[in-house]
1. Has the range 64-73 got at least one residue that is over 25 Å from Ser222 (Cβ atoms) and free of Cβ contacts under 8 Å to residues at least 60 places away in the same chain?
2. Take Gln86 and tell me if it is in contact with a Phe, Trp or Tyr (Cβ under 8 Å, 6 or more places away or on another chain) and farther than 18 Å from Gly187 by Cα.
3. So which helices (runs of 4 or more DSSP H) are wholly in the range 37-106 and hold at least 1 residues that are of a type in the set (A, V, I, L, M) and under 19 Å from Val157 (Cα atoms)?
4. Hey, among Ala131, Ala206, which residue is touching a helix residue (DSSP H, G or I) at 6+ places or on another chain (Cβ under 9 Å), at pLDDT 95 or above, surrounded by fewer than 23 Cβ atoms within 10 Å (Cβ to Cβ) and not hydroxyl-bearing (Ser, Thr, Tyr)?
5. Restricting to the range 152-190, give me the number of residues that are surrounded by fewer than 20 Cβ atoms within 10 Å (Cβ to Cβ), assigned to a loop (DSSP other than H, G, I, E, B) and touching a strand residue (DSSP E or B) at 6+ places or on another chain (Cβ under 9 Å).
6. Six or more apart or on different chains, Cβ under 6 Å: which pairs go from a residue in the range 115-131 that's closer than 11 Å to Arg95 by Cα to one that's surrounded by fewer than 24 Cβ atoms within 10 Å (Cβ to Cβ) and of a type in the set (D, E, K, R)? Could you list them?
7. Would you confirm whether or not the range 215-235 contains a residue that is touching a residue at least 60 places away in the same chain (Cβ under 8 Å), crowded, with 22+ Cβ neighbours inside 10 Å and part of a helix (DSSP H, G or I)?
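The values are calculated or read from the model by the stated rules, or taken from the named source; none is laboratory data. What you are looking at is a predicted structure, and each value in this text was computed from that prediction instead of being measured. Cβ placement follows ideal geometry from the backbone for every residue including glycine, while neighbour counts extend to all protein chains displayed.
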Amino acid sequence: MSVVRPFALAIALCLAALAMAGCGEEETAEEPRLRGAAPGQPTRTVVAALGDSITAGSPAWDPDPGARRPIGEAVDPESQYEYWAQLRLRGTRFRNCGVPGERTDEIAQRLERCAKGADVLLIQGGINDIAQMREVASAAGDLRGMVKRGKSLGLRVALVEVLPWNNGYPAAAAPIRELNRLIRGIGREENAPVLPWYRRLEDPGAPGRMKPEWTADGDHPSVEGYRRLADVVRLP
C-alpha cells in the first residue's frame with residue numbers, strides 16, 4: 001500500500017469538510033432529544049465538547065445547521081458521542097463544539113467561546129495534525145495548553161485518545177500511537193483524566209484500525225462507534 005495516497009486523500013477530505021463547516025458552537029436543534037434530564041428538570045452540569053469532526057459527529061451530523069444541510073436525508077443526531085453520553089449521564093448537557101478538519105492549534109483558538117458558562121471541558125483532537133503531517137509533539141503541546149487554559153478558567157478538564165484511522169493505515173498508525181502516549185503523559189502530569197477511546201474502537205483482529213461495524217467511512221465512527229465512545233465518558 002502506498003504511504004502517500006491515504007494522507008493525500010485525507011487532506012483533501014479534511015479541507016473539503018472544513019470548507020463546509022460553520023462555527024460548530026451553536027446549540028443543536030436536537031437538544032431536547034439529547035437531554036438526559038426529564039422535562040422541567042434542571043441541568044446540573046454543562047460539558048463543553050471541543051474538537052474536530054469526531055466531536056462534531058461526522059459523517060452524519062454537524063452542530064452547525066449550515067454544514068448539516070448537505071448531509072440531506074442521511075442526517076442523524078445519534079451520530080455523536082455527545083448524544084449517547086448525555087442520555088447516560090443524567091443531569092448533564094453536552095455542548096457540541098466540533099469543527100471538521102481542524103488541527104489542535106485551530107481548535108485551541110475556540111476554547112474560550114466553547115467553554116463559556118460550562119462546568120467541564122472535554123478536549124479531543126490531533127488526527128488532522130497527523131493527516132497534515134504536523135509534528136505530534138506540536139499537537140501534544142497544543143493539547144497541554146488547552147488543558148492548562150481550561151483549568152485556569154475554573155473548569156474540570158478531560159482529554160480523549162486519538163482514534164485508530166483505517167484510511168490512514170499503515171502510515172498513520174505509529175504517529176497515532178505516539179500522540180496517544182503523549183496525551184496519556186499530559187493526563188498524568190496535569191491531573192486530567194484521559195478517556196481510552198483508541199482501545200474502545202480498535203479491532204482486536206486488525207490492530208491500528210477500527211472494527212468495520214464501528215466506523216462509518218474509515219475516518220469516523222459509525223453510530224454504534226459513537227455509542228461505544230460514550231460508554232467510557234467519565235466526567236472529572
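1. no
2. Yes; evaluated as a whole, the condition is true for this residue.
3. Details: elements: 53-56, 65-68, 81-88.
Correct list: 53-56, 81-88.
4. When all the criteria are applied, what remains is Ala206.
5. 3
6. Close Cβ pairs satisfying both conditions: Val120/Arg156.
7. yes
Conditions tested, residue by residue: (1) over 18 Å from the mean Cα position of the chain (by Cα); (2) crowded, with 22+ Cβ neighbours inside 10 Å; (3) modelled with pLDDT under 95.
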{"residue": "Ala12", "(1), (2), (3)": "yes, no, yes"}
{"residue": "Glu26", "(1), (2), (3)": "no, no, yes"}
{"residue": "Glu30", "(1), (2), (3)": "yes, no, yes"}
{"residue": "Gln41", "(1), (2), (3)": "yes, no, yes"}
{"residue": "Val46", "(1), (2), (3)": "no, no, no"}
{"residue": "Ala49", "(1), (2), (3)": "no, yes, no"}
{"residue": "Asp52", "(1), (2), (3)": "no, yes, no"}
{"residue": "Trp61", "(1), (2), (3)": "no, yes, no"}
{"residue": "Gln86", "(1), (2), (3)": "no, yes, no"}
